[in-house]
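The structure appears below as structure tokens.
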Amino acid sequence: MPNVRGYALVVVLSAIWGLAFVAIRQADFELSAVNLTLLRWLIVSAGFLALYPVMRKSSIRSKFEWKDFPRLLVVALTSVVIYHLSLNTAEKQVDASLAGLLISIGPLTTVLLSAALLHERVGRRVWLAVVLAIAGSALISSPDLTLGSTTITGPPLVVVAAVASATFTVVSKPLTTKYGPFAVAAWAAFLGTAILSPLISQSLLQQAESMTAAGWGSVLYLALLSTVLANMIFFTLVSKHELSRLGVQLYLVPAVSAVGGVVILGETLAGATVAGGALLLIAVGLGTSRHH
């Protein structure tokens with residue numbers, strides 16, 4: 001049963017995060033990259049603050065020790081500040097397909113870091129799964145892929161976001177084991193939002209006032225579902241699973257993103273997208289399999 005629960009959580013997380021790319025695209029029309037990051041994390045922090053009294057006794061395993069602060073600071077900087085500012089800025093400069101392809105570097109980096117820093121044994125099946133997954137991501141992106149970017153900074157910023165996501169995944173592992181998933185998600189949110197707060201300006205209020213219902217819907221989806229709920233699921237998975245295996249499982253995200261683009265944004269479903277999705281599912285199956 002724990003295995004079934006783990007797979008169910010991965011599928012739910014992939015669905016939430018896959019659709020987040022669609023929501024970012026909508027919100028990016030109405031907010032600057034900095035203001036989208038700020039508004040999202042201010043709402044996230046309010047959400048965790050509301051949950052804190054309810055979750056504190058049941059979900060926080062031990063009192064915070066200050067020797068763990070440098071590790072928590074790295075998690076806050078990479079998961080809140082660097083990842084979101086980089087990705088939100090990049091999505092204004094590159095098309096979503098190129099962003100999706102470049103972000104697929106993240107799980108590969110997770111596999112490499114978990115082998116190097118956590119000494120996880122990465123079998124041949126996992127490496128094969130990573131190769132297939134990157135090929136699948138490339139195929140999903142290929143119908144709409146334009147390598148010409150409006151700026152030189154767009155593609156490198158997506159790569160920065162991908163590496164940041166791998167970094168906070170691996171660095172958070174000892175914290176989630178010690179304090180529990182809720183504690184790490186909430187503390188990283190509070191600390192990251194505090195680091196972002198000097199960026200608050202008059203333009204945040206002006207842009208927030210003129211946002212449409214669709215814009216607000218996107219921001220609330222990104223804050224409450226794609227961050228508060230999804231981060232609790234994610235850090236639960238980090239605390240209980242080998243990160244190399246989890247890294248491969250999260251290649252479901254671009255598959256969901258492609259389907260979301262078709263269903264919600266009316267994008268066309270090309271043969272290459274279907275083939276890419278099939279490769280991603282094979283990769284996830286291989287990477288999740290218990291045999292090496």
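Just name the residue that is nearest to the chain's Cα centre (by Cα) out of those in region 240-257 that are modelled with pLDDT of 70 or more and of a type in the set (Gly, Ala, Ser).
Ser257
In the list Ser172, Ser203, which residue meets the criterion of being within 14 Å of Leu77 (Cα to Cα), among the hydroxyl-bearing types (Ser, Thr, Tyr), part of a helix (DSSP H, G or I) and touching a residue at least 24 places away in the same chain (Cβ under 8 Å)?
None of the others qualify; the one that does is Ser172.
Among the residues of region 55-66, is any closer than 29 Å to Gln207 by Cα and surrounded by 15 or more Cβ atoms within 10 Å (Cβ to Cβ)?
So far as region 55-66 goes, no, none of its residues is closer than 29 Å to Gln207 by Cα and surrounded by 15 or more Cβ atoms within 10 Å (Cβ to Cβ).
For region 96-110, which residues satisfy the criterion of being modelled with pLDDT under 75 and closer than 19 Å to Ala166 by Cα?
Selection gives Leu98, Ala99, Gly100, Leu101, Leu102, Ile103, Ser104, Ile105, Gly106, Pro107, Leu108.
From Leu281, Leu225, which residue is within 20 Å of the chain's Cα centre (by Cα), at pLDDT below 75 and surrounded by fewer than 21 Cβ atoms within 10 Å (Cβ to Cβ)?
Working: Leu225 fails: at pLDDT below 75.
Residue meeting the stated conditions: Leu281.
Taking region 39-54 on its own, how many of its residues are crowded, with 17+ Cβ neighbours inside 10 Å and either over 30 Å from Glu209 (Cα atoms) or not aliphatic (A, V, I, L, M) (or both)?
Looking only at that region, the number is 5.
Considering only region 207-225, I want to know if a residue exists there that is touching a residue at least 60 places away in the same chain (Cβ under 8 Å) and closer than 26 Å to Phe69 by Cβ.
Yes; the residues of region 207-225 include at least one that is touching a residue at least 60 places away in the same chain (Cβ under 8 Å) and closer than 26 Å to Phe69 by Cβ.
Out of all the residues in region 124-166, which are at pLDDT below 65 and part of a helix (DSSP H, G or I)?
Ser141, Ser142, Pro143, Asp144, listed by residue number.
The values are calculated or read from the model by the stated rules, or taken from the named source; none is laboratory data. The structure displayed is predicted, hence computed values, not measured ones. Cβ: placed from backbone, ideal geometry, glycine included. Neighbour counts: every protein chain shown.
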